[in-house]
Protein chains: 4
Amino acid sequence: MPPKVYTSVDDEKLVEKRREQFVAAASELFGRNGFHTTTIKEIAQRAGVSAGLIYAYVKTKEDILFLVLQSVLEGYAREIPKALEGMTDPLQRFCTAVRTYCEVVAAKPDATLLAYRETKSLSSEQKAAIKDMELASNRLISDCIDACIRAGYFRPAKNLELLTYRIVLLAHGWALKAWRFREIVSLDEYIAEEIDMFLHAMMTDAGWNHFRGMPGRAVNTK
Amino acid sequence: MPPKVYTSVDDEKLVEKRREQFVAAASELFGRNGFHTTTIKEIAQRAGVSAGLIYAYVKTKEDILFLVLQSVLEGYAREIPKALEGMTDPLQRFCTAVRTYCEVVAAKPDATLLAYRETKSLSSEQKAAIKDMELASNRLISDCIDACIRAGYFRPAKNLELLTYRIVLLAHGWALKAWRFREIVSLDEYIAEEIDMFLHAMMTDAGWNHFRGMPGRAVNTK
Amino acid sequence: MPPKVYTSVDDEKLVEKRREQFVAAASELFGRNGFHTTTIKEIAQRAGVSAGLIYAYVKTKEDILFLVLQSVLEGYAREIPKALEGMTDPLQRFCTAVRTYCEVVAAKPDATLLAYRETKSLSSEQKAAIKDMELASNRLISDCIDACIRAGYFRPAKNLELLTYRIVLLAHGWALKAWRFREIVSLDEYIAEEIDMFLHAMMTDAGWNHFRGMPGRAVNTK
Amino acid sequence: MPPKVYTSVDDEKLVEKRREQFVAAASELFGRNGFHTTTIKEIAQRAGVSAGLIYAYVKTKEDILFLVLQSVLEGYAREIPKALEGMTDPLQRFCTAVRTYCEVVAAKPDATLLAYRETKSLSSEQKAAIKDMELASNRLISDCIDACIRAGYFRPAKNLELLTYRIVLLAHGWALKAWRFREIVSLDEYIAEEIDMFLHAMMTDAGWNHFRGMPGRAVNTK
DNA sequence: GATGAATGAGGTTTCATTCAT
DNA sequence: GATGAATGAAACCTCATTCAT
């Protein structure tokens, strides 16, 4: 489990409420201005509290960064399963997972970038925790892929994790190259194109047959 | 053309020599510790000069970052064409370009990351220059893809630039996820796997026929 | 009204208290060593606070200079009217104003010099404010002169402001040439001599008649 | 005699030539931007030489200031006697001396201000030398006053030096308050007014009689 | 629990001065 | 004699963090 961030406040409800406040403020500011450029005072001001108060809920500025990154990854871990809820068809689950991942990233592209940019500022313990969370959210994707393979829709993978990372980079790519993508494609087109590519690379004949019978498939590929 | 960085020194040879020194030192330090955490004194020390001297060749710390990023992108623009030199077969050129791109990234993964991490610290003029250089290096890839399409080896692309970015993210991916990839694949496997995926997604029957007749194809796919 | 100097502290009482502290310390040091030679740390040390604290009450070192100069000019604007309080005779008011001006200057000669020496370091807005304050304090003098003229004691002036400046330079002169004056005259002699000169230059017969009947005139002239 | 400024160059002619170059450049820059704000490089550039060369003719930056101030005072000592050359009438000599002093000051008001502003930066030896030169140039004025007194044109003075300083401050005043005077009087009006005041304060009946018979007196008073 | 004034370490940058060429 | 690259000390200013209220 993730390393606990120190707080001097006992009331757990309050701790959670305050931290959410700080994370919201800090996300915005870190995303816009970067971690080092953002000051504690700015975070405090935006959260509507005094600078001193932050240190009742957090030991260092790096802790705030950790909480922010944690909340980003928790977002993935929350939204993807929610979108898959009740879905049973492996191919549909896969496509939905990819789409949702992209959409979550696109909702706050700066937040995703943060993980690439500022992880270096964390303690090694925190860095490890973030990596664990990333691996956990990767599993949400790799499970979908695996199901497609076992259903015979995708050809067997030499290296499932590598395959998974292609999807991850596909989703993160929207944030990583946002400055350019926003000029040349819509998010929907992007998702459709990328899924199409992936399917062409992986689908078996059985997969295509199944696919052709799927409702709403037109959304994702022709 | 890129914005000139101010220098008070006239001797162009010397300017180039010194800046190379500084860029080498700064690349290493920025890569390891990040831009904000690295101090001018550290750069100076590692470059074996006094802190003051740096400011004879550069106006601000941000200028150093710009020079570093510039040198990274120049690396792409230098190495990829060099590797393609004398090659005529479109498919071979494509594969070589991808492979080389990955290898250049892998040679200094931190340098590639820098562009994602610290561009925010540049002046808007410098930011624009870096983006231009990235677009220029993308063209090295997109030209290869385009040649394969026109040769009938790849199916036509809806959006060539998007396709190009898949390759770019594939290459950068090695740096972006180095912490994990290094544990699960070798660079060669990575390149082979990724090219294989891409070919499966894009190749026409004509492409596969041509491919089977190629020497050394085993390097890239089965 | 003068441009407000930025502060991050809300408590106005505290701001005033701290600034007085800083102004006192800085006056002394600027006066003795000059503006550029004096460091923020020295000011802080002399004021008994940390260097950083100063920047909670002031945005730049130049702001401190501005506050110092402001306080000098406020001194004139405070002391001269106070000395004139309750006095009605124009000639007596004039002599008292001159004497008081000289005395205020003599109390802190370095402070008066500062205005001549370091105004160049101010922002143009601040420079303008200081000039305005000087013109305002000049008015204290010119009003006295004007009253003497209208009472028929002084002959009419071609250029009242020029006349006023003679008095101003007379008063400032004590500071400007302190290094020499201190060796050759006492402040009282200086004031008496200078007023005497001025009266000889300006007085009408009516003025002299009135003067001879004044009590305490011996203080100012024979 | 003034303290010699160190030089490593033997050729005296060259030393003089170079120093004149430096003084000209530095006067301008010190006058416009102040001593501390002006850099050696700026002086060198304006003098058309390398920064290093200055140190062959001068030991420190302060030495340059000393040379500049010295040249200002030498200007007084040169111009006033030149203007008096061949003049015999004491009153005319006095008026001419005052007028010339004002004109020299007005030709380079910044140079005069320099002495007030930056003397603090000199070594005590140099400071003393500058003071001596000022006293010497004062004598040019006090001699004129004294002659008028001995001729019976001026009433006897209690303190001749004080009287002299009134003239000095009158002349310097044009520089000290240039920012305002330039808006309200011409230099000629200023000189006329000030001399007029002085004469009214000092002249005897014999003086006035003599004065009325002087040619060109209208320039100075009515 | 909350505030915000106060601390002080440390970073970037400037610039007088030196010295090899 | 002249150059200008190089040095390095020191200045201003910022900001994470503490602590009395």
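Structure above, values below:
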| quantity | calculated |
| --- | --- |
| Per-residue Cβ neighbour rank within 10 angstrom, fewest leading, B:Ile40, B:Ile195 | B:Ile40, B:Ile195 |
| In Hz, Karplus ³J(HN,Hα) per residue of region A:53-60 (6.51, -1.76, 1.60; θ = phi - 60°; x = Gly, Pro) | 4, 3, 6, 7, 10, 6, 8, 9 |
| Exercise: per-residue mean of other protein chain Cβ atoms within 10 Å, C:181-190 | 2 |
| Peptide C:152-159 - average C-beta neighbours from other chains (10 Å radius) | 2 |
| Residues whose placed amide H lies under 5 Å from that of D:Val58, excluding near-sequence neighbours | D:Ser8 |
| Size of electric dipole in chain B: Cβ of Lys, Arg +1 and of Asp, Glu -1, about Cα centre, debye, nearest 20 | 280 |
| Low-density loop cleavage sites - trypsin sites (Lys or Arg not before Pro) in region C:51-125, where at most 15 other Cβ are within 10 Å (DSSP) | C:Lys59 |
| Among the listed pairs B:Lys59/D:Lys177; C:Lys82/D:Lys177; C:Lys61/C:Lys158, those beyond 32 Å (Cα-Cα) | B:Lys59/D:Lys177; C:Lys61/C:Lys158 |
| DSSP-assigned coil residues among GluC sites (Glu not before Pro) in region A:1-90, each with at most 16 further Cβ atoms within 10 Å | A:Glu85 |
| Nonlocal amide H pairs with C:Phe154, under 5 Å, H built at 1.01 Å | C:Ile149, C:Thr204 |
| Expected 222 nm ellipticity per residue - DSSP helices of 4 or more, -39500 (n - 2.57), all of chain A, to 500 | -24000 deg cm²/dmol |
| Cross-link partners of C:Lys127 among aspartates and glutamates (Cα-Cα below 16 Å; sequence separation of 8 or more within a chain) | C:Glu62, C:Asp63, C:Glu74, C:Glu118 |
| Relative contact order (percent, whole number), chain C, Cα cutoff 8 Å, 6+ residue spacing | 20 |
| Cβ-defined net charge surrounding B:Thr39, 12 Å radius [Lys, Arg +1; Asp, Glu -1] | +2 |
| Top positive-direction residue, dipole computed over chain B with Cβ charges, set B:Tyr6, B:Ile191, B:Asn33 | B:Asn33 |
| Listed residue (D:Met203, D:Thr112, D:Val98) projecting farthest to the positive dipole end of region D:71-219, Cβ model | D:Met203 |
| Exercise: per-residue mean of other protein chain Cβ atoms within 10 Å, A:113-121 | 4 |
| Residue order, fewest to most surrounding Cβ atoms within 10 angstrom, among C:Val98, C:Val9 | C:Val9, C:Val98 |
| Size of charge dipole - the protein assembly as shown - debye, nearest 20, with Cβ of Lys, Arg +1 and Asp, Glu -1, no other charges | 80 |
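All of the numbers you see were taken from the coordinates with simple rules; none came from a lab. None of these values were measured; they are calculated from a predicted model. Here the Cβ is made from the backbone with ideal geometry for all residues, glycine too, and neighbour counts use every protein chain on show.
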